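Notes for the one structure printed next.
The values are calculated or read from the model by the stated rules, or taken from the named source; none is laboratory data. A quick note: this is a predicted structure, and the numbers were derived from the prediction, not measured. Here the Cβ positions follow ideal geometry from the backbone for every residue, glycine too, while neighbour counts run over all protein chains shown. SASA here: full protein model, heavy atoms, side chains in, ligands and nucleic acids out. Shrake-Rupley method; radii C 1.70, N 1.55, O 1.52, S 1.80 Å.
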Amino acid sequence: MTRLRLLGYPVSNYVNVVRAALLEKELSFEFVPTRASQDAAFRQLSPLGKIPVLETEAGCLTETVAILDYLDDAYPDIPLRPAGAFERARARQTINIIQIYVEAQVRQLFAGVFMGRANLPTTEASVRTMLDRATGALAQLLAPKPFLLGDRPGQADLFAYYNLDIADRVTRFVYDRSIIDEIGGLDAWLAAMTARPSTQLVMAEFQSSFATYLADHGAAYRPEESRRSLSHA
Ligand SMILES: N[C@@H](CCC(=O)N[C@@H](CS)C(=O)NCC(=O)O)C(=O)O
């Protein structure tokens, strides 16, 4: 019997990666709705005050990639990393590119898209420059068959799915361009990922919490305006 608790909020792309991983690994866990916070008490659990946090019997973990590796090391029955050294490194390469050159870029625009504030044109321009490089890199790197590195979804698939979802919403809204379409070749992968029971559960909660989040923040973004929402792909 595992005693795992995931602290997070269903709007968070990072929380959703970890939640999907727990579901794909068929682990028993409790989901504890928790917002990011700089409160001293929360920073005892999460040093940067960020979500997700995974509470384990050994202590609390943050940083999604660390949590994913912990889950695979501690609970290896259903692995989410390829067995081979090269494929495993390729998965991490994919995750790093998406985390640094896609997610961290579009995150700079969240305020103007999802939080009712305004983005600087200079930020929109600098983010676009990096996104263009990342889009080219991912177009070169990703070759789903149908999953990214095997015949079942792994860490790289989950990381890509939830982070490209939020990135696509941002690029459509800010630039009227779809990063997913521009990477290309992802339709069968999106369909296969969207059909996973883990995705259905995680995205259903995302949709309802996201609507509340956008209304609370007076956001300019309207989910229904997005031509491609992965949960409806
Ligand atoms: N590098 C962290 C990023 C986590 C992150 O940025 N989480 C967001 C929610 S999606 C958050 O906690 N934001 C609040 C903040 O940055 O203070 C990870 O891999 O888990």
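When the helices of the chain are scored as -39500 (n - 2.57) per DSSP H run of n ≥ 4 and the total is divided over every residue, the value at 222 nm lands at -16500 deg cm²/dmol. Ordered by solvent-accessible area of protein heavy atoms (1.4 Å probe), largest first, the residues Lys145, Lys25, Lys50 come out as Lys145, Lys50, Lys25. Sparse packing (at most 14 other Cβ atoms within 10 Å of the Cβ) combined with a DSSP loop state is found for the following trypsin sites (Lys or Arg not before Pro) in region 63-121: Arg117. Counting only DSSP beta bridges with both residues in region 4-74, the antiparallel share comes to about 60 percent. With an a/c value of 1.5 or above and a/b not larger than b/c for the gyration tensor axes a ≥ b ≥ c computed over the alpha-carbon atoms, region 85-232 is described as oblate. Taking amide H as placed 1.01 Å from N in the peptide plane, the amide H of Phe31 sits under 5 Å from that of Leu6, each at least 5 places away or on another chain.
Computed from phi, the 3J(HN,Hα) profile of region 90-95 under the Karplus parametrisation 6.51, -1.76, 1.60 (θ = phi - 60°) reads 4, 4, 5, 4, 4, 4 Hz, with x in place of Gly and Pro. For an R0 of 35 angstrom, estimate the FRET efficiency from the Cβ-Cβ distance between Asp73 and Gln200 and round to the nearest 0.05. Efficiency at R0 = 35 Å is approximately 0.80. Within the listed set Thr171, Thr194, Thr122, the Gaussian network model of the chain (springs between alpha-carbon atoms below 10 Å) gives the highest mean-square fluctuation for Thr122.
All other residues whose Cβ lies under 11 angstrom from that of Val11 are scored, Lys and Arg at +1 and Asp and Glu at -1, for a net of -1.
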